[in-house]
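The values are calculated or read from the model by the stated rules, or taken from the named source; none is laboratory data. Bear in mind the structure is a predicted one, so any value in this text is a computation, not a measurement. Quick reminder, even Gly has a Cβ in these numbers, built from the backbone with ideal geometry, and neighbours come from all protein chains shown. Only protein heavy atoms, including side chains, enter the accessible area calculation; ligands, DNA and RNA are left aside. Shrake-Rupley method; radii C 1.70, N 1.55, O 1.52, S 1.80 Å.
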Amino acid sequence: MTVVQFSLLASALFAIGIYGVLVRRNAIMVLLAVELMLAAITLNLVAFGTLFEDELASGQIFALFVIAVGAAEVGIGLAIVLLVFRNRSTANVDELDLMKW
Amino acid sequence: MTFGDWAGEPGNWVFVVLALVMVGGALRVVTSRNVVHAVLFLVATLAGSAGIFLLLGAEFVAWTVVLVSIGAVVVLFLFGIMITRAPLGYDTALDHERRWPAALIALAVFGLMAWSLLIFFEDRVIDEGVVRSADLGTSIFERYVIPFEVVSFLLLAALIGGIVLARRDPEEETA
């Protein structure tokens with residue numbers, strides 16, 4: 001197994017996540033695409049951690065941190081989407097232009 | 001490493017199957033017209049990444065992905081869809097009209113990353129080996145204990161923030 005195959009898979013997932021963030025209109029679908037990008041980052045961290053074989057297993061530990069931060073991000077993000085939906089009865093990111101100049 | 005050597009390893013065929021499942025699932029996550037289907041395709045992608053972690057010998061990370069990402073995050077997404085009354089069933093207005101610029105940007109990002117990765121890490125071979133969970137725990141609680149505490153504090157802050165954001169103001173209700 002080469003490290004490039006894992007990194008190429010991770011960058012493909014990251015690019016798909018970028019496409020999703022740009023193209024989706026529902027805020028929850030945008031968060032879903034961000035979750036894809038986080039999965040890609042975790043994959044990269046574990047692959048390079050296995051490549052460098054350090055004794056502290058830093059790649060895997062930081063992958064765990066990324067998973068924890070991703071869970072916190074989803075919780076807060078969904079709370080914000082819920083609040084926006086309650087105030088404006090829409091979760092559509094196109095219509096949230098209050099702070100647009 | 002030639003392609004023949006690469007194809008001779010059975011682990012690489014497992015990788016190919018998992019990678020196809022993951023990329024296919026990810027494409028359906030961002031293109032599906034049905035929001036619930038998109039979340040379920042995310043489950044397929046995350047399960048594929050757990051399989052890849054097992055392939056790399058990262059058992060603890062694999063089971064953490066299954067528990068946290070598939071178990072908790074996906075359920076949270078389904079609740080979010082239900083609460084915000086996202087259009088269930090097929091919806092044609094889920095995407096922007098102009099998809100091609102977004103696809104172009106995504107392809108450009110992928111091309112740039114793939115090009116630089118292929119230049120710098122072309123023939124680096126991974127040695128297979130399992131990292132034991134006990135070693136991971138020792139490393140977390142000795143070398144990385146402060147980042148660990150920071151992450152736990154962040155989770156606490158996110159928990160409190162989620163409660164504060166999502167609950168209604170009591171005064172607002174009585175008024």
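Return one whole number: the accessible area per residue of the stretch B:3-93 in Å², for a 1.4 Å probe.
Spelled out: the 1.4 Å probe surface of the stretch B:3-93, per residue, equals 46 Å².
Suppose the chain between residue B:37 and residue B:5 were pulled fully straight at 0.36 nm per residue; how much longer would it get relative to their current alpha carbon spacing?
7.7 nm
Can you send over the carbon and sulfur percentage of the accessible area for the stretch B:3-93, probe radius 1.4 Å, protein chains only?
77
Identify which of B:117, B:20, B:78 has the largest mean-square fluctuation in a Gaussian network model of chain B, with springs joining Cα atoms closer than 10 Å.
B:117
In Å², nearest 100, what accessible area do chains B and A bury in total when the solvent probe is 1.4 Å?
6900
Non-local amide H neighbours of residue A:2 (under 5 Å, H modeled in plane, Pro and chain starts lacking H): which ones?
Residues meeting the criterion, in which the H sits 1.01 Å from N, are B:126.
Helix B:100-120 versus the longest principal axis of chain B: what angle, 0 to 90°, nearest 10, using Cα atoms?
40
Could you compute the FRET efficiency for residue B:167 and residue A:88, with r as their C-beta to C-beta distance and R0 at 22 Å, rounded to 0.05?
Plugging the Cβ-Cβ distance into 1/(1 + (r/R0)^6) gives 0.75.
Between A:50, A:60, A:23, whose Cα lies farthest towards the positive end of the dipole of chain A when Lys and Arg beta carbons carry +1 and Asp and Glu beta carbons carry -1, centred on the Cα centre?
So the residue furthest toward the plus end is A:23.
Using alpha carbons only, how many degrees (0 to 90, rounded to 10) separate the axis of helix B:35-55 from the longest principal axis of chain B?
Orientation of helix B:35-55: about 40 degrees from the principal axis.
For peptide B:114-126, how many partner chain Cβ atoms fall within 10 Å of a residue's Cβ, on average?
Other-chain Cβ atoms within 10 Å of each residue's Cβ, averaged: 5.
Measure nothing fancy, just the Cα-based angle from helix B:145-166's long axis to the longest principal axis of chain B, in degrees from 0 to 90, nearest 10.
Rounded to the nearest ten degrees, it is 30.
Mind ordering B:3-16, A:14-27, B:51-64, B:101-114 by average Cβ neighbours within 10 Å, highest first?
Top to bottom by mean Cβ count within 10 Å: A:14-27, B:51-64, B:101-114, B:3-16.
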